Every structure is written in structure tokens, then in C-alpha cells.
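Have a look at the structure below, then the notes.
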Amino acid sequence: MKLNALGSRLPRLTFWRGLLFALWILGAYVAVIRFTKGLGAVTNLRDDFPWGLWIGFDVLCGVALAAGGFTVAALVYIFDAGKKYHAIVRPTILTAFLGYLLVIVALLFDLGRPWNIWHPIIMWNPHSVMFEVGWCVMLYTAVLALEFSPVVFEKFRWRWPLRVMRSLTIVLVVAGVLLSTLHQSSLGSLYLIVPQKMHPLWYSPLLPLLFFISAVGVGLAMTIFESFLSHRAFRKELELDVLTGLARGVILVEVIYLTVRFLDMAGRGTLSFAFHPTREAGLFWAEIFLMSVVPIVIYSVPKFVVHRTWLFWGAVSTVVGLVMNRLNVSITSLEGWGGAYFPKWQEIVVTAALVATGFAVFEWVARNFPIFPREETAEEAALAGEKPAYA
Amino acid sequence: MSKGILVDISLCIGCESCMEACRTANGLKPTSQRRLSPDNYVIVENLEGDVYYRHACMHCEHATCVSACPVAALEKTELGPVIWHAEKCMGCRYCLQACPFQIPTYEWHNPVPSVRKCTMCYDRIVAGGQPACTEACPTGAILFGEREDLIAEAQRRLREEPGKYVQHIYGVREVGGTSLLYISHVPFEKIPFLARNLSVQEPLPELTWRVLSKIPNLVGFGGVFLFGVYWIINRRIKLERMAKENQLEAKEDFIEELPPEQLDSEE
Ligand code: SF4
Ligand code: SF4
């Protein structure tokens, strides 16, 4: 019934829509068990493996994949990269905002006493990286909400708040860049305190720096990736020159990343571990290749860096590689100490439900708010698009 | 003054009196599990033959768990014990992740879970007593007292029986020092939970503090840098535009969308 009523504006019950509802129902079921029976009932977490998929993927990857928000904002507003990039600002801010909201939802699942999530506001421990992480999540989510607010004000034509927000733009952007820098790096700093627990391929005193650099790289890649999704979902014109510019940025960032990572490993003598025939070494090289080497190679070919298919796959590779890196740091590298960990299906369901929710909300916002440049408003895109989203 | 416990592995006979006393004193449920858990604050582990050792919280001087906790739910008290405050904890479990001895345990099957570990019987110490375990030990393998005095006592034992003891007091230096001190007649490398930190001399919280302490500078310089770049670039653009249009722009507008006035007039 409800679906039919919305039918004129939303696609009908497609495969993706069905999957979303299925995940929501399963997710709700897992939530009930989790909040009545405890974390142990739905996760494979244990005393010597206290952080699993929800921290490794939902939080570490979620935050990194939201890095497009501050990267693109800095490019456009601070470094004035050029008018052509303005078109991608709003979609990336929206992605980042949704990303952070989902991270908070994931934390509500993962924290043992989620009703105390606000405690870092009044109970301080500046010596704790987790304290820094908590503050960054709160403050940057607030900044993202403000950065996004002009979209809402514009939609409802609230003039003076819009004018206020505009005068604040540069302040918000600078605050956002600083907070993101802190937050991205602090997720790496979390692991500085366990040198004896982590595999030497991943432990490094430079973890905060490495987390930051790789976040910038994947921020650019995610922006490319998301342009393609918007293109398919809303028949939005692909701004190929914009994507090419971003892809060149990916090369630069990943080259810096590889240089720092390998010099650091060579300097501390941990490089030899990469050449032992171990599972860890395999995962290490997979991560290095997918996240950095593949995009550098693809985007260095002049023909490929302007070609839509190659642009797309280069970005996908970076994103997959980054996810591997974060999971390797948070799970693989600690298995030698804490024993093997693989998530229960309930953990995977919650993660999948959150990702699906992110896509669905993005689609809804993009259809109902002025996210894309004026020539293709949501209404027009919806009118033009009989094709179901993400199909 | 900071209290501590001296563990002399050579004196432990594996009678488990300490485990029993702990269970009673802390109201822990009986369990058949032989590992640290919410109902086992201390375990007497059998290393080999008749060698037994105590496995429990070390009450570190620069406790990693205390530095890791975002809401200061864990506290290194003046008296020495490291204790946990239920009303503050938000359940992030960074303490479990960070502890170099893998000591804190979690109530994974409780919807209102607690972090559980040995408290060195903090309440009894405050009341002027000693921990239940040291009181119960029939051989003096675990001894409660001032940490300074215990170090002196350990040194005395090492000196008097140099052939018997490994010439090392574990806990004076390791991870920056611990309230629990161990002396042993078997090499510490053999005792798993101690061996892992034998080479760690510096307090682990230093590793994160080194980075955290840079934040104010990063924010300061970063902010100046970003505003500086913005100012320089935009001044150049403004000047260019002024030259081109030969007129003053009253105000810069850095939002890519049209201003609302134009929005309206377009409709
Ligand atoms: S042994 Fe672990 S739980 Fe005990 S005080 Fe040290 S860091 Fe904290
Ligand atoms: S689980 Fe509780 S006690 Fe442990 S670090 Fe987190 S907030 Fe602190």
C-alpha cells in the first residue's frame, strides 16, 4: 500500500529494495538479542579479542570512507582547486555526514553500555586516544550537520539561516579539516599502545600518519566511486574531467603513502616479514597492491585516467584495499596474540544493514534535496529516471 | 604509600587457597573454568611439574588500562590498587584491548556488562586490612606490604639464595613498574603472561601520549596554515577580479549554489 503510494517517486519493489527490508528485519532481530542477552550472544568477541567487525569495518572503514567530505571541502574552499569541483561538494558532504551517523549507530551496537556514550563530554581523560576519538566523532558530526544544513535551508527557502551559514562556510571547512585530520589519525593511534600484541607488518609508530594519508587517498577514490553510483542511479552527467583530476590526486597520495610505509618498515627492519610465506604476508601484499599499486598504475596511463571504466575500477580497487588495510590492522594483526577471529553472521547482518541503510538514505536525500547542481534537480532526475536506483 | 604484593613462585604449592579466598571475599560464582573470567579474578596456573604461579592483575604503576579508558572509569588509586568505576564505564573495551597482560575480562553475556578483574581487595586495604588472597596463603608465596619494603625483601631473598633464584625482580621495571612483584626459580621467559612484557621497560601509555600531546600544536599550526592558504589564494582571486571588473565586490560568496535572491527570481 505504502509502497504503491510512493510508487510514482520511488522505484518499485526491486531486488535491492527487497534486500534492504530483509536486512532491516534481520538487523532488528539481532538488535533485540544483543540488547537483551548481551554482546556475546551475537558476536564472536571475547576477552582476548574485544574488538571485531563492528569496530574494524563499521567504525574504522566507515570513518575512512567518509574522508571525501573533508578532502573535497579542503580542495574546493581552501586550495581553490577550481570551479569544476564545486559540483561534487554536496554529494561528498552528504556521504560523509551519513557515514558518521552510521558510525554512531554502529557504536551504539558495539558499546557495552551505549547509554553512557555521552560520558566523554563530562568525564575527561586526555591521556586516552579513545577520548580523542569520542570528541572527534561528536564535533565532526556536528560540523558535517552544519556543512550540510544549507541544503535543507535552500530546499525550504529559509533565507537568513542560509546567509548565516554561508558566512560561516570557511570557518566550518577549516574546523572540519582539522577535526578530520585528528580523527583519521587517532584511529591509527588507538593501536600504538599494543606494540607487543600486533603483527610487525602492521604495527608502526607512524600508524596515525599512515591512517591519515590512506584516508585522504580513499576519500578521493570514494568521491569517484560515488559519482558513478549517482550517475547510474540518477542519470546524472559524469563530470569526467573532475574525476580525472581526483584520480591524479589519488596517484599523488598513494605514492606518498607507499613511500612513507616502506621507508618506515625498512627503517625498523620489519620489511623481511613481508617475504615470509605466511598468511599475513599474503594479506599485506594484497592490501598494498589493491589500495596503492593498482590505482597508481591504472591512473598513470594517460588513456585510462580519462576513461570512465578505468576510472571506476581504479577507485574500486583503492576502496577495497583500504578496507583490507583497516581489517588487517584491527583483526589480522591481532590474531597472533588473541587467536583467530571470524564474525558471527549476526555481526555481518548488522554491518550489511547499516551499509544498505546508508545507500537508501543517500538515495532518498538526493531525490528530495538539492544535492546535485541546479541543472539536474532531484525532481528532474526522478522524472527522467524510470530506471530503478542502483539496479 | 603504594602497596603491593610480592609473589615468590618457588614457594607456591598450588593449593589454590588464594582462589578460594578471593571467591568468597568478592562473592564470585563458583565455576569450573580454569582461566581469568568475570568469576575468576585470580588463577593459580600450573607451569610444569610442581611449579605454580599466580595469574592476575599486576596493578601497574603507569597502568595502560587507566590511560586507555576514555572516561576515566579505571583509576590507579594512591594505595596502589587499580579499580573500576561502574557508573562511568561506557563499555568501549579499550582497556581489554590495551592491557599488556590481557587481564580485564568482560561480561559478554550480560546486557549491562561490567569490566571485571582483581581489585587487590581495595576496600579491605582502605579499611586497614590486606587482600583476601595474601591472608589465605599458607606458605607466604604471596606477601602483602609496602611496595618499597617488598622490593627490599625480594632483593634479600635473591641475595641469600643466589643459586635458587633467577636474579631478577619482575615488576620493578617492566611496563614502567607494577605493584605486583615476582621472583622465581624458573626463568620468566617460561611464564607466558609475564614473558610477553619482559622486554617492555617503558610505560606503554607513553606511546600514545607522545602523539596525543602534539594535538594542541597540530590544531594551532594547522588552523593558521589553512586560514593562511585560504586568505592568500582568495586575495589573489579577488585582486584579479577587481582588476577585471574594475569594481569592488562587497562580499565574497563561496557557496557554489546561487544565492536565494537569484533562486527565487529564477522560478
Ligand atoms: S595488568 Fe592490565 S588491568 Fe591490571 S593494572 Fe595493568 S594494565 Fe590494568
Ligand atoms: S570498557 Fe569501560 S572501563 Fe574499559 S576502557 Fe572502555 S569505558 Fe573504560
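The values are calculated or read from the model by the stated rules, or taken from the named source; none is laboratory data. Owing to the predicted nature of the structure, the values given are computational and were not obtained by experimental measurement. Note that we place each Cβ from the backbone using ideal geometry, even for glycine, and neighbour counts take in every protein chain shown. Accessible surface areas use protein heavy atoms only, side chains included; no ligands, DNA or RNA. Shrake-Rupley method; radii C 1.70, N 1.55, O 1.52, S 1.80 Å.
Restricting the first member to segment A:111-129 and to residues that are farther than 24 Å from A:G56 by Cβ, and the second to residues that are within 16 Å of ligand 1 (Cβ to nearest atom) and among the charged types (D, E, K, R), the beta-carbon pairs closer than 9 Å and six or more apart or on different chains are A:M123/B:K88.
Please tell me if A:I93 is at the interface with another protein chain (Cβ under 7 Å from one of its Cβ atoms), within 25 Å of A:V242 (Cα to Cα), touching a Phe, Trp or Tyr at 6+ places or on another chain (Cβ under 7 Å) and away from ligand 2 (no atom under 16 Å from the Cβ). Full working, then the answer.
Numbers: at the interface with another protein chain (Cβ under 7 Å from one of its Cβ atoms): no; within 25 Å of A:V242 (Cα to Cα): yes; touching a Phe, Trp or Tyr at 6+ places or on another chain (Cβ under 7 Å): yes; away from ligand 2 (no atom under 16 Å from the Cβ): yes.
Here the answer is no, as A:I93 does not meet what is asked.
Comparison of A:V242, A:V177, A:V253, A:V173 shows that the only residue that is open to solvent by 10 Å² or more (accessible area, probe 1.4 Å), within 14 Å of chain B (Cβ to nearest Cβ) and not in a loop (DSSP other than H, G, I, E, B) is A:V177.
For segment B:198-208, the criterion of being within 16 Å of ligand 2 (Cβ to nearest atom), crowded, with 19+ Cβ neighbours inside 10 Å, part of a helix (DSSP H, G or I) and at negative phi is met by at least one residue. Condition test on A:S185, is it closer than 22 Å to A:P295 by Cβ, more than 9 Å from chain B (Cβ to nearest Cβ) and open to solvent by less than 30 Å² (accessible area, probe 1.4 Å)? Against the criterion (closer than 22 Å to A:P295 by Cβ, more than 9 Å from chain B (Cβ to nearest Cβ) and open to solvent by less than 30 Å² (accessible area, probe 1.4 Å)), A:S185 does not qualify. For segment A:100-121, taking the residues that are of a type in the set (V, I, T) and more than 9 Å from chain B (Cβ to nearest Cβ), the one that is least open to solvent (accessible area, probe 1.4 Å) is identified as A:V103.
Residue-wise test of (1) closer than 22 Å to B:G80 by Cβ; (2) out of contact with any helix residue (DSSP H, G or I) (no Cβ under 9 Å at 6 or more places or on another chain); (3) not assigned by TED's automatic domain parsing to the domain that holds B:Y41.
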position	(1), (2), (3)
B:A127	yes, yes, no
B:T134	yes, no, no
B:G145	yes, no, no
B:E148	yes, yes, no
B:V172	yes, no, no
B:H185	no, no, no
B:P205	yes, no, no
B:T208	no, no, no
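When you scan segment B:69-104, how many residues do you find that are more than 8 Å from ligand 1 (Cβ to nearest atom), farther than 24 Å from B:F188 by Cα and not in a loop (DSSP other than H, G, I, E, B)? Residues flagged as more than 8 Å from ligand 1 (Cβ to nearest atom), farther than 24 Å from B:F188 by Cα and not in a loop (DSSP other than H, G, I, E, B) within segment B:69-104 amount to 4.
Each residue in segment A:67-97 was checked for being assigned to a loop (DSSP other than H, G, I, E, B) and within 15 Å of A:V173 (Cα to Cα), and 4 pass. For segment B:157-169, the criterion of a residue being touching a strand residue (DSSP E or B) at 6+ places or on another chain (Cβ under 7 Å), aliphatic (A, V, I, L, M), more than 16 Å from ligand 2 (Cβ to nearest atom) and in the same structural domain as B:G27 (by TED's automatic domain parsing) is satisfied by at least one position. Tell me, please, whether a residue that is in contact (Cβ under 8 Å) with a residue 40 or more places away in the chain, within 14 Å of another protein chain (Cβ to nearest Cβ), within 15 Å of ligand 1 (Cβ to nearest atom) and open to solvent by 50 Å² or more (accessible area, probe 1.4 Å) can be found in segment B:107-123. Within segment B:107-123, one or more residues are in contact (Cβ under 8 Å) with a residue 40 or more places away in the chain, within 14 Å of another protein chain (Cβ to nearest Cβ), within 15 Å of ligand 1 (Cβ to nearest atom) and open to solvent by 50 Å² or more (accessible area, probe 1.4 Å).
When B:G176 is tested against the conditions (1) within 14 Å of chain A (Cβ to nearest Cβ); (2) surrounded by 21 or more Cβ atoms within 10 Å (Cβ to Cβ), the lone failure is (2). Remark: B:C99 falls outside the filter, which requires a residue to be under 9 Å from the mean Cα position of the chain (by Cα), under 14 Å from B:K117 (Cα atoms) and near ligand 2 (Cβ under 7 Å from one of its atoms).
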